[in-house]
């Protein structure tokens, strides 16, 4: 406690230099937090897809001119396309899905206020809490080959129900806080298992994906599966294929394309999409990386130089302490405490600055829960990155300060400027 009080007194004496270091730490660590988010997200995208990168292909539409309800084609023609895919030698499996939202019933069954707050997406204009949901057909469920964290998966019977009946669902791991297997949501959706903490495609035309920890997966009701308009829409927008290596993409593209259809379809590899996304964002972060490394370098230089100046100004103080029995290590620890206090204060200010600067984006990321390079957050992983950078700066600067302090002689210190 004595050393901390002494450190605070010393910092108040050299307050100008201390404030300059604080400003440097505030903006530097805030930049590190932003860059750390980007690279954390890129790492997450690389290893946490529920779909296999190399074998998964998405059916992607070009420009849609006349909508998706086309009377020129029939339900039988759509089914014929899927039959051709099913029998094609290059197709391992395929399936379709659509994205939906389940609004939580807060009137019939009171819910935990934290649960309501977590799923109320005011940032995007929704006042009622809802859960992002992926509705999948039976083929897609087999393609996913989900490894559940607990519970069990769907049976064939789950895909034979209609949309008004009670449905079994798979819920994200977040729901374990409030539900267990067998519990009902909205008196209609029964939880039978919990999903792994991965992400899934929820839009074939986007390079952002849905995290499953706060989402749900439902079996597609039979009446929705057989609805022609939904069937045509799924063909154009949300068909997923798992292909063998070296698959004939040109031939498969011709199979999925209606003759004369205004919606031109193509096949896009999921792995190539994500790797391209990762590479683009890595290159775009190079200036930020340079800025972050410059911050570390100048922080080390700043701390070393200001500490050396402080030592020279306080030579007599330190000389007297050494004469009275204080060790060089004790003096060094006193100076290190001063620098640590500046650094910890800088960490606090940098977090405040980061959350103020990215307030809207942080709220959007929390509410939408999407996997993307710009999914900014302030969680334990980012705090660890900031702490490691801080410890690197303190360790390196302390090493040089210690070397400088060891070279000082008692005689020259006592004859200091004080």
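Enumerate the helices (runs of 4 or more DSSP H) found wholly within the stretch 279-396, keeping only those where 3 or more residues are over 30 Å from residue 214 (Cα atoms).
Values: elements: 286-313, 315-323, 328-357, 359-368.
Helices (runs of 4 or more DSSP H) meeting the threshold: 286-313, 315-323, 328-357.
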Exercise. Regarding residue 67, is this residue modelled with pLDDT under 90 and in a helix (DSSP H, G or I)?
Worked result: no
Exercise. So which of 130, 126 ends up being closer than 22 Å to residue 201 by Cα, out of contact with any helix residue (DSSP H, G or I) (no Cβ under 8 Å at 6 or more places or on another chain) and surrounded by fewer than 16 Cβ atoms within 10 Å (Cβ to Cβ)?
Worked result: 130
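The values are calculated or read from the model by the stated rules, or taken from the named source; none is laboratory data. Small disclaimer: the values here were computed from a predicted structure and weren't measured. Cβ atoms come from the backbone with ideal geometry, glycine included; neighbour counts cover every protein chain shown.
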